[in-house]
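Presented below is the structure to which this report refers.
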Amino acid sequence: GATEGSIWSIWYRIPSTKPEWEQVPYGFPMPNQKMYVLNSHKQCCPIGATGEIYIGGVGVAVNYWNNKERTEESFFDHPTFGRIYKTGDIGRWNKNLYMEYMGRTDFQVKIRGFRIELGEIESALSAYTDIKQCVVIAKENNDLVSNSKYLAAYYTTASMNPLEESALLSYLSSHNGQ
């Protein structure tokens with residue numbers, strides 16, 4: 001679950017995967033937590049319909065520290081459910097009444113527990129000398145040893161010459177969080 005919802009908001013025990021699963025179950029709300037799948041009018045989606053995932057209940061944070069704009073984008077008082085948090089995740093309720101995670105509404109990815117905004121990396125790359133266009137994506141290494149996600153950046157240059165990798169990595173490291 002999201003940090004904004006006490007980190008652990010939803011659970012599902014998976015002793016083994018089932019071939020009939022289209023998605024790995026995201027789960028059921030934990031005690032004192034509420035999970036909602038809402039449409040663009042902030043109304044509950046029926047079972048099987050895709051919508052945006054919101055978290056409610058006593059674990060929902062009050063705000064982002066010293067960030068009023070981001071707080072107003074993500075937290076609000078729903079007329080029926082009370083204070084809820086907009087996760088940015090897309091999901092649906094399965095016919096067996098557990099939630100399924102379907103993806104994101106933005107370009108945020110999670111790698112090794114860190115939230116990464118792909119757009120921020122693309123913005124930094126776009127400002128680099130000679131980069132004309134770029135895109136950053138999360139890829140998965142599916143070998144039996146690591147099976148982990150990593151970032152890959154693709155770019156074109158004005159001069160059509162490849163860039164020096166060490167210089168580019170050094171540049172990106174110096175722009176961390178900017």
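The values are calculated or read from the model by the stated rules, or taken from the named source; none is laboratory data. This structure is a prediction, so every number in the text was calculated from the model and none was measured. Here Cβ is always computed from backbone atoms with ideal geometry, including for glycine, and neighbour counts include all displayed protein chains. Remember, those area values only see protein heavy atoms, side chains included, never the ligands or the DNA or RNA. Shrake-Rupley method; radii C 1.70, N 1.55, O 1.52, S 1.80 Å.
For segment 90-104, which positions are at pLDDT 85 or above, among the charged types (D, E, K, R) and open to solvent by 20 Å² or more (accessible area, probe 1.4 Å)?
Selection gives Arg92, Lys95.
Is it true that some residue in segment 37-53 is surrounded by 18 or more Cβ atoms within 10 Å (Cβ to Cβ), under 21 Å from Ile116 (Cβ atoms) and out of contact with any Cys (no Cβ under 6 Å at 6 or more places or on another chain)?
Yes: segment 37-53 contains one or more residues that are surrounded by 18 or more Cβ atoms within 10 Å (Cβ to Cβ), under 21 Å from Ile116 (Cβ atoms) and out of contact with any Cys (no Cβ under 6 Å at 6 or more places or on another chain).
In segment 41-56, what count of residues is obtained for those that are part of a loop (DSSP other than H, G, I, E, B) and over 18 Å from the mean Cα position of the chain (by Cα)?
Number satisfying all stated conditions: 8.
Among the residues of segment 70-87, count how many are assigned to a loop (DSSP other than H, G, I, E, B) and in contact (Cβ under 8 Å) with a residue 40 or more places away in the chain. Give the derivation first.
Filtering segment 70-87 for residues assigned to a loop (DSSP other than H, G, I, E, B) gives 79-81.
Filter once more, so that each one left must be in contact (Cβ under 8 Å) with a residue 40 or more places away in the chain: 81.
Residues meeting the conditions: 1.
Of the residues Phe76, Phe81, Phe107, Phe114, which is aromatic (Phe, Trp, Tyr) and surrounded by fewer than 12 Cβ atoms within 10 Å (Cβ to Cβ)?
Being aromatic (Phe, Trp, Tyr) and surrounded by fewer than 12 Cβ atoms within 10 Å (Cβ to Cβ) holds for just one of Phe76, Phe81, Phe107, Phe114, which is Phe114.
Can you name every residue in segment 117-132 that is in a strand (DSSP E or B) and surrounded by fewer than 17 Cβ atoms within 10 Å (Cβ to Cβ)? Give the steps one after another, and end with the answer.
The initial filter retains those residues of segment 117-132 that are in a strand (DSSP E or B), namely 117, 131-132.
Passing the criteria: Glu117, Lys132.
Looking at Gly59, Gly27, which is the one that is part of a strand (DSSP E or B) and crowded, with 18+ Cβ neighbours inside 10 Å?
Values: Gly59 fails: part of a strand (DSSP E or B).
Of the residues listed, the single one that is part of a strand (DSSP E or B) and crowded, with 18+ Cβ neighbours inside 10 Å is Gly27.
Do the conditions hold for Leu151, that is, is it open to solvent by less than 40 Å² (accessible area, probe 1.4 Å) and not acidic (Asp, Glu)?
no
How do the pairs read when you match residues in segment 103-121 that are over 25 Å from Pro25 (Cα atoms) with residues anywhere that are at pLDDT below 75, using Cβ under 6 Å and keeping only pairs 6 or more apart or on different chains?
Sorted first by the residue in segment 103-121, then by its partner, the pairs are Leu118/Phe107; Gly119/Phe107.
Need the failing condition index for Lys34 against (1) within 15 Å of the chain's Cα centre (by Cα); (2) modelled with pLDDT of 85 or more; (3) not small (Gly, Ala, Ser), just the number.
Among (1) within 15 Å of the chain's Cα centre (by Cα); (2) modelled with pLDDT of 85 or more; (3) not small (Gly, Ala, Ser), Lys34 violates only (1).
Could you tell me which of the residues Glu100, Glu22 is under 26 Å from Lys139 (Cβ atoms), touching a residue at least 24 places away in the same chain (Cβ under 8 Å) and not in a strand (DSSP E or B)?
Matching residue, one of Glu100, Glu22: Glu22.
Just to be sure before I move on: is Asn67 without any contact (Cβ under 8 Å) to a residue 24 or more places away in the chain and open to solvent by less than 70 Å² (accessible area, probe 1.4 Å) in the structure I sent?
Taking the combined requirement at face value, the residue satisfies it.
Exactly one condition in (1) open to solvent by 70 Å² or more (accessible area, probe 1.4 Å); (2) charged (D, E, K, R); (3) touching a strand residue (DSSP E or B) at 6+ places or on another chain (Cβ under 9 Å) is false for Glu4; which is it?
Among (1) open to solvent by 70 Å² or more (accessible area, probe 1.4 Å); (2) charged (D, E, K, R); (3) touching a strand residue (DSSP E or B) at 6+ places or on another chain (Cβ under 9 Å), Glu4 violates only (1).
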